[in-house]
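Quick notes on the structure that follows.
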Amino acid sequence: MTTPGPVLIIGAGPGIGDALARRFGREGHPVGLLARNDDRLAVQARELDTDGIRVAWAAADILDVDALRTGITQLTDTLGEPEVVVFSPHPDVNLIKPVLDTGPADLRNSLALNVVGAAAVVGAVVPGMRAKGRGVLLFTTGSGGLNPNADRAVSGVTTTAQTVYARLLAEALAPTGVRVHHVVIVGPVGPGRRHEPAAVAEHLWQQYAGNGDTYTEIH
């Protein structure tokens, strides 16, 4: 039986990130957590370890490409080359404003987090996946690109860019054995909200485990 490979969760938080760690950890995957908050990651890692999940963590700001690459290298050195990478950073809600109030810095920062950051992660992990001939990239976004709204300009622009990037990645990597899945979450996520984190994690697990479609929406 093949030993489950590591899963790296980029943008690991207490909601979807923690639920993903538990879902994959339950199946025997070592879990690597990466986010900005060092203290919160340490607490999260201790809780997962207490529950029998092998876990490592690295603190890095996704906006800092060099720190992001260093963090991924640290996790890879500890856990091994990842089998699965989940890119799910929490959006900066302070950037979401009407289009006429949205300036160059707002767009630059949002794209830097969600598209440039994604490209940096891909550049760090895909060579190893291609060398093995397998691997899975899972991207989550909100639904801003489905029906762009002038009152939420950054969300529409960034989600559209992410959607195109994930689609192009899927096309380019299909012959290599590396799969790409993009999951759009429509509506709020959290305990008692439209989407429970565990339900989102289950959907992402099924995408990984079941060779699901490249693009899916959770309504």
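When only residues in the stretch 31-63 that are out of contact with any helix residue (DSSP H, G or I) (no Cβ under 9 Å at 6 or more places or on another chain) and either in contact (Cβ under 8 Å) with a residue 60 or more places away in the chain or acidic (Asp, Glu) (or both) count, which is farthest from Pro6 (Cα to Cα)?
By that ranking, first place goes to Asp39.
What pairs come out if I take residues in the stretch 79-97 that are in contact (Cβ under 8 Å) with a residue 12 or more places away in the chain and pair them with residues that are basic (Lys, Arg) whose C-beta lies under 9 Å away, six or more apart or interchain?
Matching pairs, first to second residue: Leu79/Arg54; Glu81/Lys132; Glu83/Lys132; Glu83/Arg134; Ile96/Arg152; Lys97/Arg152.
Provide a single number: the residues in the stretch 119-130 that are buried (at least 23 other Cβ atoms within 10 Å of the Cβ) and either small (Gly, Ala, Ser) or not in a helix (DSSP H, G or I) (or both).
Residues in the stretch 119-130 being buried (at least 23 other Cβ atoms within 10 Å of the Cβ) and either small (Gly, Ala, Ser) or not in a helix (DSSP H, G or I) (or both): 0 in total.
Take the residues of the stretch 128-153 that are of a type in the set (A, V, I, L, M, F, W, C) and at pLDDT 95 or above: which is farthest from Gly15 (Cα to Cα)?
The selected residue is Ala131.
Of the residues that make up the stretch 74-86, is at least one at pLDDT below 95 and crowded, with 18+ Cβ neighbours inside 10 Å?
No.
Scan the stretch 131-189 residue by residue and report those that are touching a helix residue (DSSP H, G or I) at 6+ places or on another chain (Cβ under 9 Å), of a type in the set (Gly, Ala, Ser) and not in a loop (DSSP other than H, G, I, E, B).
Selection gives Gly135, Ala150, Ala153, Ser155, Gly156, Ala161, Ala166.
Restricted to the stretch 160-219, and to residues that are under 28 Å from Pro148 (Cβ atoms) and touching a Lys or Arg at 6+ places or on another chain (Cβ under 6 Å), which residue is surrounded by the most Cβ atoms within 10 Å (Cβ to Cβ)?
The selected residue is Ala201.
For the stretch 203-219, what are the residues that are among the acidic types (Asp, Glu) and modelled with pLDDT of 90 or more?
Listed by number, the list holds a single entry, Glu217.
Quick one: how many residues across the stretch 22-44 are assigned to a helix (DSSP H, G or I) and under 16 Å from Ile72 (Cα atoms)?
Going through the stretch 22-44 one residue at a time, the tally reaches 2.
When Ile53 is evaluated against the numbered criteria (1) touching a His at 6+ places or on another chain (Cβ under 7 Å); (2) of a type in the set (Val, Ile, Thr); (3) surrounded by fewer than 19 Cβ atoms within 10 Å (Cβ to Cβ), which criterion, by number, is the only one it fails?
That leaves (1) as the condition not met.
For Leu48, state whether it is crowded, with 22+ Cβ neighbours inside 10 Å and at pLDDT 95 or above.
Taking the combined requirement at face value, the residue does not satisfy it.
The values are calculated or read from the model by the stated rules, or taken from the named source; none is laboratory data. Please read all numbers here as calculations on a predicted model, not as lab measurements. Ideal geometry is used to build each Cβ from the backbone, glycine not excepted, and the neighbour counts take in all protein chains shown.
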